[in-house]
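Every number in this text was worked out from the coordinates using simple rules, so none of it is lab data. Note that the structure is predicted; figures quoted are calculated from it, not measured. Glycine also receives a Cβ, built like all others from the backbone with ideal geometry; neighbour counts cover every protein chain displayed.
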Amino acid sequence: MQQHAHFRRAGNDLRADVPVTVYEAVLGGKVRVPTLDGTAAINLPQGTRSGQVFRLRGRGVATADGAAGDLLARVVIQAPEDIDDDLIALMEEFRSQHPYDPRAEK
């Protein structure tokens, strides 16, 4: 069986990775997600983290009785491919004013 370009099946549920920009994750906003029958929108809250999963009920695989599983959309934050001097300066300023360590033990 060939793997789908967007989806991985888990029973009647579908799983999909949804790439988002750093600013979409930080600021929040509406993001379009592929579904079996087109696209759907999810609302990212401010501060969405990479790996966070959003459930789109009934957007999975339909069963013989008409019920459908869910689409589980996992956010994957993507850094831009083209990093210029302005972006580097912005990130250095942010790092100096808002230091944090996501790997620190809590």
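In the neighborhood of Asp37, defined by Cβ-to-Cβ distances under 15 Å, what is the net charge if each Lys or Arg adds +1 and each Asp or Glu adds -1?
In short, +2.
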Next on the checklist: To check you understand DSSP bridge types, tell me what percent of the beta bridges within the chain (both residues inside) are antiparallel, rounded to 5.
Outcome noted: 65 percent
Checklist entry - Given N residues in the chain, what is Rg(Cα) / (2.2 N^0.38 Å)? => result 1.34
Checklist entry - Once the piece of chain linking Ala64 and Lys106 is laid out straight, how much longer is it, given 0.36 nm per residue of separation minus the C-alpha distance between them? => result 10.4 nm
Checklist entry - For the chain, what is the mean residue ellipticity at 222 nm derived from helices alone (per DSSP H run of n ≥ 4: -39500 (n - 2.57); sum divided by total residues; nearest 500 deg cm²/dmol)? => result -5000 deg cm²/dmol
Next on the checklist: Can you list residues from other chains, or at least 5 along the same chain, whose modelled amide H is less than 5 Å from the amide H of Ala40?
Outcome noted: Val33, Thr35
Checklist entry - Rounded to the nearest 20 Debye, what is the dipole magnitude of the chain about its Cα centre when Lys and Arg each give +1 and Asp and Glu each give -1 at the C-beta? => result 740 debye
Checklist entry - If one puts a single equal scatterer on every Cα of the stretch 64-106 and applies the Debye formula without solvent, what log₁₀ I(q)/I(0) results at q = 0.25, 0.26 Å⁻¹? => result -1.02, -1.03
